[in-house]
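This report refers to the structure that appears directly beneath it.
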Amino acid sequence: MKSGKQIKPNSVNANSVINECGFQVNSSHTQRAFYIENQGKFSAPSIAVNGKSKLGSGKMISPPPVDGSPVVPDPLAGMPEPDARTVCTSNGLKTINSQAKMSIEPGVYCGGLTVNAADEVTLKPGVYGFRDGAFTLNTSARVTGKDVQFYFEDAQSPLLLNGAAILQVSAPTKGEHAGILMFQGRKAMDGNVQFRINTSAGSFYNGLIYLPYAVIDWNVSGSLNTESSYTALIAKVLNLYVSGTALVKKPTQDGNDFIPTGLSGGRGIRLVE
C-alpha cells in the first residue's frame, strides 16, 4: 500500500453496511480520506484512517473513525501474479450475444471480453485473464461461477459490470492463489484504473478482491453477500453506494474458508491511498 499522497478520497453512501472485519484507509488526504453519508447502520470492529475523516448526515456510525492511524502495508505485495498463459485464447475484443442460458470458458482474453446476455450465465472453473481490454458484462440476469478467478493484467483491463446483474462467484480453493477471487496485475501500478460494479439483491463474492490500483464505483441494490462465507477487499479508492444492506463477512470458525497467505487476521476492507 502507498502513503503520503493526497488523492481522491474514499467514500461510502449507504443505507446499511456491516463489516465484521474492519476498515483500513491508508489515504493521507487532509479533508476526506474517509467520507460517509448514511441513513442507516454503518458498523465495523474498527475504522482506521491515516488522514482525516469527514462524516456526513449519518448518525449510526460505530465506532467513530480513528484519524491519524498508521499506514498498513499491502499484505500481498510480494505474492506472484496468477500464471496466466502467454498465448491468447482470443485476439481482439470478443463479443458474445446470447438470449438463452450460456456458459463461458476460462482463458486469456486479449483485447477484452464483452458479454450481452438476457438469461443466466455460468462461468466455468478456472482463471479468466484479461489483457489490453475490459471484461464487460451487460446483463440483469444471474451470473454464477465456482472456483473462478479474474486476473486483470494491466491498466487497460478493468471490470465493467453493467445492468445490475445478480453475481454469485467464489474463489478457487486450491493452489497458490486459493481464496483470491480477483487479482490486479502490477502492470497497472501507475494507473487509476476505473472499475464499475453494479449488482442486485442476492449477489455475493466469496474470497479476496485484490485490486490495489483500482478506483471502484460499486453500486449495490438490495442485499450483498448475505449468502457469502468470507469477503475481503483491497483497493486504491472505493466509492460504495448501497440501497439496502451490504455485508463484509469474516472467516468462519470452522476453518473451511480459504484465506490468502498474509491476509489472515487483517481487516476486511483496505483502501490503499
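Brief remarks on what is shown
- Peptides 72-83, 172-183 ranked from most to least packed give 172-183, 72-83, packing being the mean of other C-beta atoms within 10 angstrom over each peptide's residues.
- Gain in span if fully extended, Ile18 to Glu105, counting 0.36 nm per residue against the direct Cα distance: 27.9 nm
- P(r) of segment 12-165 over all Cα-Cα pairs, binned every 5 Å from zero, in whole percent: 2, 8, 13, 14, 12, 11, 14, 14, 9, 3, 0
- ³J(HN,Hα), Karplus 6.51/-1.76/1.60, whole Hz, each residue of segment 188-203, x for Gly, Pro: 8, 4, 8, x, 10, 7, 7, 10, 10, 10, 10, 9, 10, 4, x, 6
- A 1.4 Å probe over all protein chains sorts Arg186, Arg32 by accessible area into Arg32, Arg186, starting with the largest.
- Solvent-accessible surface (1.4 angstrom probe) belonging to Asp190, in square angstrom, nearest 10: 150 Å²
- Over all other residues within a Cβ to Cβ distance under 12 Å of Pro65, the charged ones net out to +2, with Lys and Arg as +1 and Asp and Glu as -1.
- Legend: Rg and Dmax of segment 72-158, from Cα coordinates, 13.9, 46 Å.
- Label-to-label distance, nm, for residues given as Ser243 and Asn91 (7 Å Cα→Cβ offset): 4.4 nm
- Cβ-Cβ FRET estimate between Arg186 and Ala118, R0 fixed at 25 Å, reported to 0.05: 0.10
- Filter on Lys187/Lys250; Lys94/Lys124; Lys94/Lys174 - keep pairs with C-alpha separation over 19 Å: Lys187/Lys250; Lys94/Lys174
- Under the Karplus curve 6.51 cos²θ - 1.76 cosθ + 1.60, θ = phi - 60°, whole-Hz ³J(HN,Hα) for segment 87-103, x wherever Gly or Pro sits: 7, 6, 5, 9, 10, x, 4, 9, 10, 10, 10, 9, 9, 10, 4, 8, 10
- Under 19 Å from the Thr144 label point (7 Å along Cα→beta-carbon), backbone N, segment 96-116: 99-106
- Cα centroid of segment 137-189 to Cα centroid of segment 43-105, whole Å: 10 Å
- For segment 120-130, backbone phi angles converted through the Karplus equation (6.51, -1.76, 1.60; θ = phi - 60°) give residue-by-residue couplings of 4, 10, 10, 8, 6, x, x, 9, 9, x, 10 Hz, Gly and Pro being listed as x.
The values are calculated or read from the model by the stated rules, or taken from the named source; none is laboratory data. Everything numeric in this text was worked out from a predicted model, so none of it was measured. Cβ atoms come from the backbone with ideal geometry, glycine included; neighbour counts cover every protein chain shown. Accessible surface areas use protein heavy atoms only, side chains included; no ligands, DNA or RNA. Shrake-Rupley method; radii C 1.70, N 1.55, O 1.52, S 1.80 Å.
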